[in-house]
1. Looking at the stretch 368-424 only, could you name the residues that are assigned to a helix (DSSP H, G or I) and polar (S, T, N, Q)?
2. Kindly provide the set of residues from the stretch 293-317 that are under 31 Å from the mean Cα position of the chain (by Cα) and assigned to a strand (DSSP E or B), ordered by number.
3. Go through the stretch 330-347 residue by residue and tally those that are assigned to a loop (DSSP other than H, G, I, E, B), out of contact with any helix residue (DSSP H, G or I) (no Cβ under 8 Å at 6 or more places or on another chain) and of a type outside the set (S, T, N, Q).
4. Got a number for residues in the stretch 265-282 being under 12 Å from A373 (Cβ atoms), in a loop (DSSP other than H, G, I, E, B) and among the β-branched types (V, I, T)?
5. Test V249 against the criterion of being over 18 Å from the mean Cα position of the chain (by Cα) and β-branched (V, I, T), and give yes or no.
6. Taking the stated definitions as given, is L80 buried (at least 16 other Cβ atoms within 10 Å of the Cβ) and without any contact (Cβ under 8 Å) to a residue 60 or more places away in the chain?
Amino acid sequence: MLYACRLCGTNTPRWQGRCATCEEWNSIDEVIATNAPRGERVVTTSLRDVGDEGASLTSSGVGELDRVLGGGFVAGSTTLLYGEPGVGKSTLALMTLRALALDGAEVLLVASEESASQVARRARRFGDVPRGLNVTTTTNVQSAEALLRERRRTLCVVDSISAMSDESLTSAVGSVPQIRNAAERLCSVAKATGTALLLIGYVTKDGELAGPRALEHLVDTVVRIEGDRHGTLRLLRAQKHRFGPTGEVGLFEMVGEGLRELLDASRSLRGPQLDVPGVVLTVTNDGSRSFLVEIQALVAHASGSTRRVAYQVSSQRLSLLLAVLESRCAVDTSALDVFAATAGGLSANEPGVDVALALAVASAVTGFAVPPALVAIGEVGLAGELRAVSGLTRRVREATRLGAQVVIVPGEGELEEVSGVRVIRCHSLVEAINAAQPVACRAE
């Protein structure tokens with residue numbers, strides 16, 4: 001029997017509560033000792049002579065998933081999809097299997113947590129179940145491995161990898177050794193058969209991927225699906241992708257029939273235009289897409305210690321902007337509770353929303369309403385200056401497409417001409433506040 005630390009890799013002949021090398025508690029797991037052959041003859045091949053015919057790309061049939069994966073699944077690759085319970089992992093996997101089966105492909109679902117009738121019931125929410133969608137209910141990794149070798153499929157989904165086990169191991173189902181062993185065996189057979197493999201995983205109470213750290217290194221792609229379980233918006237992000245970029249984001253809306261793709265999220269998630277203090281529109285960039293986001297701020301007299309509450313916006317950026325507003329713009333919030341959030345479910349954590357967030361707080365404190373047709377874009381420095389942000393032209397075009405008439409942007413930064421909108425360049429936050437509020441309220 002051999003044990004190893006999942007964090008630093010240190011081996012030990014017996015289990016112990018704390019790793020002697022990295023001094024982390026409860027990081028020692030049982031591992032499988034293998035006798036690797038020594039002195040095996042290997043050959044080399046010139047890379048220029050190696051073709052890519054064995055790495056064909058297959059569309060998932062779900063446009064937003066294809067966007068994140070860079071076009072679809074690569075044959076023989078392994079993708080890990082994980083997220084919180086109830087966020088839509090199994091639904092998205094089943095949507096993908098059905099779309100491929102409707103296109104004539106033979107696909108397989110290894111259901112380790114549900115019966116075949118339960119899976120069929122969920123599948124019928126999407127409509128008729130195509131004949132090429134096959135299911136097996138097993139938790140035995142040897143059985144799943146043999147099935148993949150016997151019947152080579154375009155895509156195989158294992159839902160979930162945490163429930164798969166190997167009878168030769170003494171560890172409990174769901175333990176780190178079991179998960180790692182199952183993933184290693186299934187990844188190996190996927191490469192050997194050219195089957196695209198999709199593993200479903202879970203998150204811990206801290207929001208991190210459950211299972212061994214090595215799981216992320218074993219797979220080719222790691223995709224996270226996230227969203228508020230009480231809301232309908234779901235975001236899909238690639239945190240690791242060996243075959244393409246990781247900056248893309250896919251958006252879905254959870255409906256009664258499953259997940260519905262949001263092709264125009266800015267328009268779909270935009271609520272009624274509010275002409276009240278504390279509401280400012282901005283545009284964020286995420287991957288190759290731009291989203292119009294509504295920033296809302298509310299202030300109230302504090303009954304004791306002041307509170308700063310941020311939801312879907314950066315709490316660190318909010319604290320920084322409150323200090324800049326007080327020091328550079330004479331907007332004092334020291335005796336006020338400050339609440340800031342986005343409307344619609346999209347997060348706005350990048351520096352490009354600083355101006356809008358600061359304007360929303362200043363508007364709520366002084367009582368002026370920013371016009372609904374005004375959009376503010378830019379980063380705010382500690383000196384109160386406005387700094388250029390990336391993709392400024394793309395942001396302004398998105399704002400214009402959705403009806404913006406005035407856009408406040410930093411004084412510096414490359415911006416192509418955009419018709420149909422008035423662009424106001426401001427060099428400081430004071431200038432931006434003056435440009436956004438009525439003439440009668442402007443600061444000297």
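1. First, pick out the residues of the stretch 368-424 that are assigned to a helix (DSSP H, G or I): 392-401.
Selection gives T393, T400.
2. Keep residues of the stretch 293-317 that are under 31 Å from the mean Cα position of the chain (by Cα), which gives 293-299, 307-317.
V293, E294, I295, Q296, A297, L298, V299, R308, V309, A310, Y311, V313, listed by residue number.
3. Step one: list which residues in the stretch 330-347 are assigned to a loop (DSSP other than H, G, I, E, B), which gives 330-335, 344-347.
Retained after the next criterion (residues that are out of contact with any helix residue (DSSP H, G or I) (no Cβ under 8 Å at 6 or more places or on another chain)): 330, 335, 347.
Next, from what is left, pick out any that are of a type outside the set (S, T, N, Q): 330, 335.
Total satisfying the criteria: 2.
4. Adding up the residues that qualify gives 0.
5. Values: over 18 Å from the mean Cα position of the chain (by Cα): no; β-branched (V, I, T): yes.
Spelling it out, it is not the case that V249 is over 18 Å from the mean Cα position of the chain (by Cα) and β-branched (V, I, T).
6. On the way: buried (at least 16 other Cβ atoms within 10 Å of the Cβ): yes; without any contact (Cβ under 8 Å) to a residue 60 or more places away in the chain: no.
For L80, the condition - buried (at least 16 other Cβ atoms within 10 Å of the Cβ) and without any contact (Cβ under 8 Å) to a residue 60 or more places away in the chain - is not met.
Here's the yes/no breakdown for (1) in a strand (DSSP E or B); (2) touching a residue at least 12 places away in the same chain (Cβ under 8 Å); (3) closer than 26 Å to Q239 by Cβ:
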| residue | (1), (2), (3) |
| --- | --- |
| T138 | no, yes, no |
| E167 | no, yes, no |
| S171 | no, yes, no |
| G174 | no, yes, yes |
| Q178 | no, yes, yes |
| N181 | no, yes, yes |
| R185 | no, yes, yes |
| S188 | no, no, yes |
| D206 | no, no, yes |
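Let's see how each residue does on (1) in the same structural domain as A93 (by TED's automatic domain parsing); (2) surrounded by fewer than 16 Cβ atoms within 10 Å (Cβ to Cβ); (3) touching an Asp or Glu at 6+ places or on another chain (Cβ under 8 Å):
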| position | (1), (2), (3) |
| --- | --- |
| V176 | yes, no, yes |
| C187 | yes, no, no |
| T193 | yes, no, no |
| G201 | yes, no, no |
| D206 | yes, yes, no |
| D220 | yes, no, no |
| D228 | yes, yes, no |
| R234 | yes, no, yes |
| P245 | yes, yes, no |
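The values are calculated or read from the model by the stated rules, or taken from the named source; none is laboratory data. Keep in mind it's a predicted model, so treat the numbers as computed, not measured. For neighbour counting, all protein chains shown are included, and Cβ atoms are generated from backbone atoms with ideal geometry for every residue, glycine included.
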